[in-house]
Amino acid sequence: MSEDTTLVRIHGLLGEPDGVLIEMNTEELSEGTQFIYENVGYQVTRVIFEDVEHPNVYVMVLDIYVQQP
């Protein structure tokens, strides 16, 4: 992990109701920002920093990208 990234727990991923730990660019940790993770586009809807080991990031799916062989 670098200075520019933060380990966060992402909620709202497809098929992952309990959340997934991933590294995110610290600049993306604000509501309304968008990012791509495993060929799926997400938008951050809420970030909770207080009283948690890793920030909780709630997202909604924007688009699913198909991998070309």
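Every number here is computed from the coordinates shown, using simple stated rules; none is lab data. Worth saying up front: this structure is predicted, and the values here are computed from it rather than measured. Using ideal geometry, Cβ is built from the backbone for each residue, glycine included, and neighbour counts are taken over all protein chains shown.
Side notes on the structure shown:
- Of the chymotrypsin sites (Phe, Trp or Tyr not before Pro) in segment 12-57, the ones in a loop by DSSP (not H, G, I, E or B) with at most 16 other beta carbons within 10 Å are 49.
- Sorted by Cβ neighbour density within 10 Å, fewest at the top, the residues 66, 20: 66, 20
- Taking amide H positions as modeled 1.01 Å from N, with prolines and chain starts lacking one, the residues under 5 Å from residue 33 and 5 or more places away or on another chain are 44.
- Near residue 4, once Lys and Arg are set to +1 and Asp and Glu to -1 for all other residues with Cβ below 12 Å from its Cβ, the sum equals -4.
- 14 Å beta-carbon shell around residue 28, net charge (K/R +1, D/E -1): -3
- Selected from 65, 45, 17, residue furthest toward positive end of dipole (the chain; charges at beta carbon): 65
- Added length on full extension, which subtracts the Cα-Cα distance from 0.36 nm per residue, residue 34 to residue 4: 9.1 nm
- Residue by residue, segment 46-58 carries 3J(HN,Hα) couplings of 7, 10, 10, 9, 7, 6, 9, 5, 10, x, 8, 10, 9 Hz when phi is fed to the Karplus relation 6.51 cos²θ - 1.76 cosθ + 1.60 (θ = phi - 60°); x denotes Gly or Pro.
- With θ taken as phi - 60° and the Karplus curve 6.51 cos²θ - 1.76 cosθ + 1.60 applied, the whole-hertz 3J(HN,Hα) list for segment 38-45 is 6, 6, 10, x, 10, 10, 6, 9 Hz, x standing for glycine and proline.
- FRET efficiency for residue 64 and residue 26, using Cβ-Cβ distance with R0 set to 35 Å, rounded to 0.05: 0.85
- Neighbours of residue 40 by Cβ distance under 12 Å: Lys/Arg scored +1, Asp/Glu scored -1, total -3.
- Of the GluC sites (Glu not before Pro) found in segment 12-69, those that fall in a DSSP loop while having at most 10 other beta-carbon atoms within 10 Å are 50, 53.
- Taking one quarter of the surface of the convex hull spanned by the alpha-carbon atoms of the chain gives a direction-averaged projected area of 5.2 nm².
- 3J(HN,Hα) from dihedral phi, segment 60-65, Karplus parametrisation 6.51/-1.76/1.60, rounded to Hz, x for glycine, proline: 10, 6, 9, 7, 10, 9
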